Amino acid sequence: MVDELRATRSEVSDRVATVWLSRPHRANAWTGRMHAEYRSIMADLEHRDDVRVVLVTGDGPTFCVGGDSEALRGHVERGSYDTGLPPQHATPGGGDRLDADFAWQLGYRHPIVAAINGACAGIGLSLALFCDLRFVSATAKLTTAAPKLGLPAEYGATWTLPRLVGTTRAADLLLSGRVFTGAETADWGLWNAVLGDGPSTVAAARDWCDELVARTGPEAVATTKRQLVADLLRHDPASSVADSLRLMGEAMAGEEYAEGIAAFTDGRLPRF
C-alpha cells in the first residue's frame, strides 16, 4: 500500500469518487509511483459505503500522455519491462481471470467512468479502454503510441479495442500508432459522449455519475456490471439468461427491490 500520494489525488462528493492522475507538470505521464498510487486509491474506494461510482480524469489540460520519458529510457537500460509496482501492492477488483492490469477494472465493485479531458496516449489509453464508460473531449489527441516506440500493443489493447470498435478499426489504431481525436472517432462506439472541451467532458461524466447515484440501486448496478463482464468472457447466451433469472429472483427478495417498486409506484426518486 502507498503511505503518501504524490502522483494522484482523490475526493468523494455525494457518493461519487473522483480520482485524478496528478502529475500536471509532466502532462500526467505514467510512472511506477502513479501505478502503485492508482491501485491503492482504487482499492480503498472499492470498499467504502459512501462510494457508488468512480470518475477518473487528468489533473490539468491532459488525461495521461503515456509512460514518462525517463521511465521509458530506464526500460532500455534494463532491456526489459518493469511495471514499477512494489512487491506488496494493492489489489482492487480482479480475481481469477481478471487479476491483471488493467483488467481488474472489469472486476471492480463500482462502475469506473473515464473523463478524457485532453491528450491520452499509451498506457493512459489502455487504462481508459478498461473503464466501463468513456467521455472524451472532441479536441483530445489520442494514440496507442506503442508501434512508434518499437513496441507491440500493451496492456490488453488487442482485447479491448476490437470489442469496442471492431477488428478493422482496431487494426488501424494499433498497427499505425497514429494520432486520432475524439471528434474523428465520435461514431466508432468508443465513447459514450464526445464533448467540446476538457471541462465540459468532465462535467458530462460527472452528470452521468450523479444520475446513477440518484436513480439506481447499488446492488443492482454492481450485479449488472458482473453480468456484463461474465458474458464478455463466456459467450454463452443460455447461461446468461439462466443467471439473470436466478439473480432477479434473489433481488426480488431484498429491500432494494422493494424500495425501487415503492418509488416507482409513488412517482418519486428511490432512497437507496
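Here is a check on your reading of the model: is residue 139 closer than 17 Å to residue 67 by Cβ and either at pLDDT 95 or above or not hydroxyl-bearing (Ser, Thr, Tyr) (or both)?
Judged against the criteria, residue 139 is not a match.
Of everything in the range 154-171, what is farther than 20 Å from residue 132 by Cβ, modelled with pLDDT of 95 or more and surrounded by 15 or more Cβ atoms within 10 Å (Cβ to Cβ)? Give them in sequence order.
Correct list: 169 only.
Scan the range 165-182 residue by residue and report those that are assigned to a loop (DSSP other than H, G, I, E, B) and out of contact with any helix residue (DSSP H, G or I) (no Cβ under 6 Å at 6 or more places or on another chain). Lay out the reasoning, then the answer.
Pass one, the range 165-182, residues assigned to a loop (DSSP other than H, G, I, E, B): 166, 177-179, 182.
166, 178, 179, 182, listed by residue number.
Exactly one condition in (1) surrounded by fewer than 20 Cβ atoms within 10 Å (Cβ to Cβ); (2) touching a residue at least 12 places away in the same chain (Cβ under 8 Å); (3) under 24 Å from residue 215 (Cα atoms) is not met by residue 9; state its number.
Unmet condition: (3).
Among the residues in the range 230-245, are any crowded, with 18+ Cβ neighbours inside 10 Å and either in the same structural domain as residue 99 (by TED's automatic domain parsing) or out of contact with any helix residue (DSSP H, G or I) (no Cβ under 7 Å at 6 or more places or on another chain) (or both)?
no
Output the residues belonging to the range 126-164 that are of a type in the set (S, T, N, Q), in contact (Cβ under 8 Å) with a residue 40 or more places away in the chain and part of a loop (DSSP other than H, G, I, E, B).
139
Working carefully through the options 263, 242, find the one that is touching a Pro at 6+ places or on another chain (Cβ under 8 Å) and over 23 Å from residue 132 (Cα atoms).
263
Would you pick out the residues in the range 21-35 that are surrounded by fewer than 22 Cβ atoms within 10 Å (Cβ to Cβ) and over 19 Å from residue 91 (Cα atoms)?
22, 24, 25, 26, 27
In the range 188-211, how many residues are over 16 Å from the mean Cα position of the chain (by Cα) and either under 25 Å from residue 244 (Cα atoms) or not in a helix (DSSP H, G or I) (or both)?
Of the residues in that region, 6 qualify.
The values are calculated or read from the model by the stated rules, or taken from the named source; none is laboratory data. All values reported here derive from a predicted model rather than from experimental measurement. Here the Cβ is made from the backbone with ideal geometry for all residues, glycine too, and neighbour counts use every protein chain on show.
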